[in-house]
Amino acid sequence: MSKVVLKGFIVMPKEDLPAVKKELTNQKEICRKFNAEFAPCSETDKLGLAVETLGQLPINGLRLVAENGTSGWYIWCGETMGQEADFFKPLHVSHINKYLPEIEPYLALPTGYRFLVADDYEDVWYDALLTKD
């Protein structure tokens with residue numbers, strides 16, 4: 001999707017609008033399905049992606065409080081989240097579709113939510129521990 005930022009507004013070619021509308025619709029549907037507030041990320045926000053785990057299942061995500069230009073999302077694949085300081089690499093939200101397009105619909109879930117997806121399996125839940133200081 002090509003776009004131009006003009007005084008805080010994003011201008012896109014008309015041919016890109018159906019894709020954007022579809023993505024937002026999918027995100028709204030996921031939020032509605034799980035009775036969650038719709039809290040979309042900005043495409044320029046960053047998320048943490050465990051790039052080395054790509055290709056494993058399940059795909060896991062959790063959303064902490066957003067701060068300093070981040071979305072609060074941390075995404076990894078496989079059974080275990082690594083504890084290494086460099087486990088997650090920063091990635092702009094707009095680039096997640098190049099790595100894990102199947103998780104885009106979940107990225108409007110609000111702070112405190114988690115998801116786990118694999119093939120035809122989907123689990124989404126609120127985890128109050130993610131919002132504690």
Chain lengthening between Leu57 and Ala118 when straightened (0.36 nm per residue, less Cα-Cα): 21.4 nm
Assigned charges on the beta-carbon of Lys, Arg, Asp, Glu; the stretch 54-133 dipole about Cα centre (debye): 260 debye
Probe 1.4 Å - accessible area at Leu116, Å² to nearest ten: 40 Å²
Per residue, in Å², the accessible surface of the stretch 29-102 once ligands and nucleic acids are set aside, probe 1.4 Å: 58 Å²
Exposure of Lys46 as accessible area (Å², to 10), given a probe of 1.4 Å and all protein chains: 90 Å²
Sparse-neighbourhood loop sites, chymotrypsin sites (Phe, Trp or Tyr not before Pro) in the stretch 36-133 - DSSP loop, at most 15 other Cβ within 10 angstrom: Phe38
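If you filter the stretch 36-98 for GluC sites (Glu not before Pro), then keep DSSP loop positions with at most 16 other Cβ within 10 Å, what is left? Write down the numbers at each step before the final one.
Working: sites: Glu37, Glu43, Glu52, Glu67, Glu79, Glu84; in loops: Glu37, Glu43, Glu67, Glu79, Glu84.
Counting only loop positions with at most 16 other Cβ atoms within 10 Å, the GluC sites (Glu not before Pro) in the stretch 36-98 are Glu37, Glu43, Glu67, Glu79, Glu84.
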Karplus 3J(HN,Hα) series, Hz, for the stretch 79-85 with 6.51 cos²θ - 1.76 cosθ + 1.60 (x for Gly, Pro): 6, 10, 8, x, 9, 5, 4
Proximal aspartates and glutamates relative to Lys28, as straight alpha-carbon distance under 18 Å, when same-chain residues fewer than 8 apart are discounted: Glu37, Glu43, Glu102, Glu104, Glu122, Asp123
Hits among aspartates and glutamates - C-alpha to C-alpha of Lys132 under 17 Å, sequence gap 8 or more where chains match: Glu67
Of every Cα-Cα pair in the stretch 28-133, the percent that sits beyond 21 Å: 28 percent
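Need the full-extension length gain, Glu43 to Lys28, defined as separation in residues times 0.36 nm minus the C-alpha distance. One decimal, nm.
Here the segment from Glu43 to Lys28 would lengthen by 3.8 nm.
The values are calculated or read from the model by the stated rules, or taken from the named source; none is laboratory data. For clarity, every value in this text was computed on a predicted model and none was experimentally measured. Heads up, the Cβs are rebuilt from the backbone with ideal geometry, glycines too, and the neighbour counts pull from every protein chain shown. Remember, those area values only see protein heavy atoms, side chains included, never the ligands or the DNA or RNA. Shrake-Rupley method; radii C 1.70, N 1.55, O 1.52, S 1.80 Å.
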